[in-house]
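Handing you this structure, nothing more for now.
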Amino acid sequence: MNTLKRIASAYSNTSLVLRIFIGLVLGILLAYFAPDAALKVGLLGELFVLALKAVAPVLVLVLVTSSLAAHQSGQPTHIRPVLLMYLISTFSAAALAVCASFLFPTMLSLDVGAAEGNPPGSIIDVLHNLLTSIFVGPIQALNTSNYIAILAWAIALGLFLRNAAPSTRTMLHDLSGAFTQVVRFVINQAPIGIFGLVSSTLAQSGFDALYGYARLLMVMIGCMLVVTLVINPLLAYLKMRRNPYPLLFTVLRESAVTAFFTRSSAANIPVNLRLCEKLKLDKDTYSITIPLGATINMAGAAITISVMALATTHTLGINVDLPTALLLCVVSSLAAAGVSGVAGGSLLLIPMATSLFGIDTEIAMQVVAIGFVIGVVQDSFETALNSHTDVVFTAAVSYAGEAQAGQVDA
């Protein structure tokens, strides 16, 4: 019993990042030497992702409601600047992807089976689905992890509970703290979950299928790295007027790593909320911007949609003029905001983008199928970009607000 306690104590006292790295290495080794066993431990990764997805909706509802109910009138929340940064980043990512696709055109092998799914017919359909998803009952919203509806209910309840009895607001605060503790426990199991995810993914898919699409992946990943390391830090610097890279590297280490392996922005919400708390950001701000960012801040999705659509036009020999390319940037940015925060959510929006060039839906769904082939890498980078950016922009705006407040006090 004492030995088990010592092991548990050593596990808890070791840095989470180091534990995740150890789990990653062990997962790769197990997949290489014992692929059959690696497939079986995939259950650990599946349970970890399910636990994150299970706790996230209730946490968001309680946290946002509690924050708004306790919010003092006149106290700034800085939500609008964060949303503006989300918008600029997503459009910049789409524009970068279009430029990269012209500079490094890629060819696709369109002889695979069409993927299953019902893609939206137009950007109007995407916006329609996004808006109608707000008007859903709270129980259904929690059951389906509909974060737009969850946020709507949380904001409404929080605003109307501002005049509630102090005991009610205290109860909400205690509930928020309890769910936060649950989240900390789940996140503490990330090394075990990532061990299962990595080992089972490598054992099942491997990388053989990716070699034929190496150029396509390089264009996508290159764009995502430029957005991560250049465009987003520039936006953060313009907002807070100080070196953004210490913040960026902290967020990459503690948010992007888990998002990379869970491949779900929704599942990474608890991780980001915990990181914002660790960074001592404004709770009134991050309790809203983090779950909202998991739904609408999708620079990675905009890159995927743009690159895949233009790779299709290049394969088919379709010439794309500048006005149409600019229209694609707008469509990709708006469509990305309608992507659900789950693995592979951006792929079914490719047919809508290719429809701008008159490409048949059957061919477009073959491109979607290619997306699923490379998804083990593409979707991981995409989610890591989408999710960690939520924290970077929220922190940049919070730090800028603190700096302005300090200048006023001085």
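On the accessible surface of the chain, probed at 1.4 Å, how many percent belong to carbon and sulfur atoms? Don't skip to the end; give the middle numbers.
Values: 12300 of 18720 Å².
C and S atoms contribute 66 percent here.
Given the pairs Lys53/Lys280; Lys5/Lys40; Lys239/Lys280; Lys239/Lys278; Lys5/Lys283, which are separated by over 29 angstrom at their Cα positions? List each step's numbers first, then the result.
Working: Lys53/Lys280 24 Å; Lys5/Lys40 27 Å; Lys239/Lys280 18 Å; Lys239/Lys278 21 Å; Lys5/Lys283 35 Å.
In this structure, Lys5/Lys283 exceed 29 Å between Cα atoms.
Here's a follow-up. Along the Cα→Cβ direction, 7 angstrom out, place labels at Ile22 and Cys99. What is the inter-label distance in nm?
4.4
A further question on this structure: Let me know the whole percent of all Cα-Cα pairs from region 257-410 that are separated by more than 22 Å.
Working: 5520 of 11781 pairs.
Roughly 47 percent, rounded to a whole number.
In addition: Using only the heavy atoms of the protein chains and a 1.4 Å probe, how would Asp282, Asp379 rank by accessible area, largest first? Working shown, then result.
Values: Asp282 40, Asp379 5 Å².
Descending accessible area places them as Asp282, Asp379.
Shifting gears a bit: Below 8 Å between Cα atoms, with a sequence gap of 6+, how large is the relative contact order for the chain in percent? Please list the in-between numbers first.
Values: 607 pairs, mean separation 126.9, N = 410.
Averaging sequence separation for qualifying contacts and normalising by length gives 31 percent for the chain.
Something else about it: If each DSSP helix of 4+ residues adds -39,500 (n - 2.57) and the sum is divided by the residues in the chain, what number results at 222 nm, nearest 500 deg cm²/dmol?
Numbers: 21 runs with 304 residues, N = 410.
Using -39500 (n - 2.57) per qualifying helix, the result is -24000 deg cm²/dmol.
Here is a follow-up. When the Cα centres of region 159-183 and region 1-48 are compared, how far apart do they sit, in Å?
Their Cα centres are 35 Å away from one another.
Take peptides 173-183, 89-99 and line them up by average Cβ neighbours within 10 Å, highest first, as a rough protection proxy. All intermediate terms of the calculation are to be shown ahead of the outcome.
Values: 173-183: 16.0, 89-99: 24.3.
Highest mean packing first, the order is 89-99, 173-183.
Roughly speaking, what is the stretch gain from Met107 to Ala164, that is 0.36 nm per residue apart minus the C-alpha to C-alpha distance, in nm to one decimal? Present the calculation step by step, with values, prior to reporting the outcome.
Working: separation 57, 0.36 × 57 = 20.52 nm, distance 6.09 nm.
Stretched fully, the Met107-Ala164 segment lengthens by 14.4 nm.
Now for a different question. Could you state the per residue volume, in Å³, of the convex hull enclosing the Cα atoms of region 133-259? It would help to have the intermediate numbers written out before the result.
Values: hull volume 26.1 nm³, N = 127.
Each residue corresponds to 206 Å³ of Cα convex hull volume.
Going by average Cβ neighbours within 10 Å, how do the peptides 32-40, 258-266 rank, with the highest at the top? The partial results should precede the final answer.
Details: 32-40: 13.8, 258-266: 27.0.
The most tightly packed comes first, giving 258-266, 32-40.
Sticking with this structure for a sec: What fraction of the Cα pairs in region 1-60, stated in percent, has a spacing above 18 angstrom? Before the final figure, lay out each step's value.
On the way: 1023 of 1770 pairs.
The share of Cα pairs beyond 18 Å in region 1-60 comes to 58 percent.
Next question, about the same structure. Take the chain, connect every pair of alpha-carbon atoms lying under 10 Å apart with a spring to form a Gaussian network, then pick out the residue of Ile296, Ile318, Ile194 with the largest mean-square fluctuation.
Among Ile296, Ile318, Ile194, the largest GNM mean-square fluctuation belongs to Ile318.
Continuing with the same structure: Counting only heavy atoms of protein chains, what accessible area per residue, in Å², does the chain have with a probe of 1.4 Å?
Here the per-residue accessible area is 46 Å².
Report D for the chain in µm² per second (integer): Stokes-Einstein, Kirkwood Rh on Cα pairs, 25 °C, 0.890 mPa s. If you can, show how the numbers build up before the last one.
Details: Rh = 22.1 Å.
Roughly 111 µm²/s, to the nearest whole number.
Quick one: what are the phi-derived ³J(HN,Hα) couplings along region 254-259, Karplus 6.51/-1.76/1.60 with θ = phi - 60°, whole Hz, x for glycine and proline?
Along region 254-259, the couplings run 9, 10, 5, 5, 5, 5 Hz.
Of the peptides 152-160, 298-306, how do they stack up when ordered by the mean number of other Cβ atoms within 10 Å, highest first? Display every interim value, and only then the final one.
Values: 152-160: 17.8, 298-306: 32.3.
Taking the mean over residues of other Cβ atoms within 10 Å, the ranking is 298-306, 152-160.
What does a probe at Ile318 reach in region 347-365, counting residues whose amide N is under 14 Å from the point 7 Å along Cα→Cβ?
From region 347-365, the list is 350-365.
Compute the separation of the alpha-carbon centres of region 76-107 and region 217-270 and state it in Å as a whole number.
Here the two parts' Cα centres lie 13 Å apart.
The values are calculated or read from the model by the stated rules, or taken from the named source; none is laboratory data. Everything quoted here is computed from the prediction, not taken from an experiment. Cβ coordinates were reconstructed from backbone atoms using ideal geometry, including for glycine residues, and neighbour counts include every protein chain displayed. With ligands, DNA and RNA removed, areas are computed over all heavy atoms of the protein, side chains included. Shrake-Rupley method; radii C 1.70, N 1.55, O 1.52, S 1.80 Å.
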